[in-house]
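**Q** This structure is in structure tokens; I'll ask about it shortly.
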Amino acid sequence: MNILDPNFAPSEAKLRYGDADFDIIQPGSFVRCAITGKPILIDDLKYWNVDRQEAYIDVDAAYEAYMRYADR
């Protein structure tokens with residue numbers, strides 16, 4: 001996948017989130033935030049939940065997910 005390729009089109013990746021890193025299951029250029037639905041470039045991904053296998057766009061979205069599922 002090369003963004004300089006004229007046929008390049010952004011696509012959603014499938015990841016397996018681990019404690020300190022993630023594995024790429026299906027290549028792509030972004031994942032979606034589980035709270036906002038906004039795309040997150042793979043290079044910008046910093047927040048995720050291993051148990052729920054969800055990505056979050058920022059610390060506010062991660063906190064909202066934490067509060068949403070805190071009682072469960």
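Every read-out reported here was derived from the displayed coordinates using simple, explicitly stated rules and does not represent laboratory data. Everything numeric here is computed off the predicted structure, so don't read it as measured data. Note: ideal-geometry Cβ built from the backbone for every residue, glycine included; neighbour counts use all protein chains shown.
**Q** Distances over 20 Å make up what percent of all Cα-Cα pairs in the chain? Could the numbers behind the result be given before it?
**A** On the way: 787 of 2556 pairs.
For the chain, the fraction of Cα-Cα distances above 20 Å is 31 percent.
**Q** Excluding Phe22 itself, calculate the net charge of residues whose Cβ lies under 15 Å from the Cβ of Phe22, where each Lys or Arg counts +1 and each Asp or Glu counts -1. Write out the running numbers ahead of the final one.
**A** Values: positive: Lys14, Arg16, Arg32, Lys46, Arg52; negative: Glu12, Asp19, Asp21, Asp23, Asp43, Asp44, Asp51, Glu54.
Residues near Phe22 contribute -3 overall.
**Q** Still on this structure: Tell me the mean residue ellipticity at 222 nm calculated for the chain from its helices only (DSSP H runs of n ≥ 4, each -39500 (n - 2.57), averaged over every residue, nearest 500).
**A** On the way: 1 runs with 11 residues, N = 72.
Roughly -4500 deg cm²/dmol at 222 nm, from the helical runs in the chain.
**Q** Quick one: net charge around Tyr56, please, counting Lys, Arg +1 and Asp, Glu -1 for every other residue with C-beta under 11 Å from its C-beta.
**A** Values: positive: Arg32, Lys38, Lys46, Arg52; negative: Glu54, Asp58, Asp60, Glu64.
Computed value for this residue: 0.
**Q** If you don't mind, there's one more thing I want to ask. How much net charge surrounds Ile35 when only other residues with a Cβ under 15 Å from its Cβ are counted (Lys, Arg +1; Asp, Glu -1)?
**A** Computed value for this residue: +1.
**Q** Near the amide H of Phe30, under 5 Å away, which other amide H atoms are found, from residues 5 or more places off or on another chain, if H is placed in the peptide plane?
**A** Ser11, Ala13, Ile42
**Q** On to the next question. Take the Cβ-Cβ distance between Asp43 and Tyr69 as r, set R0 to 35 Å, and report the resulting FRET efficiency rounded to the nearest 0.05.
**A** Details: r = 27 Å, r/R0 = 0.77.
E(calc), rounded to 0.05, equals 0.85.
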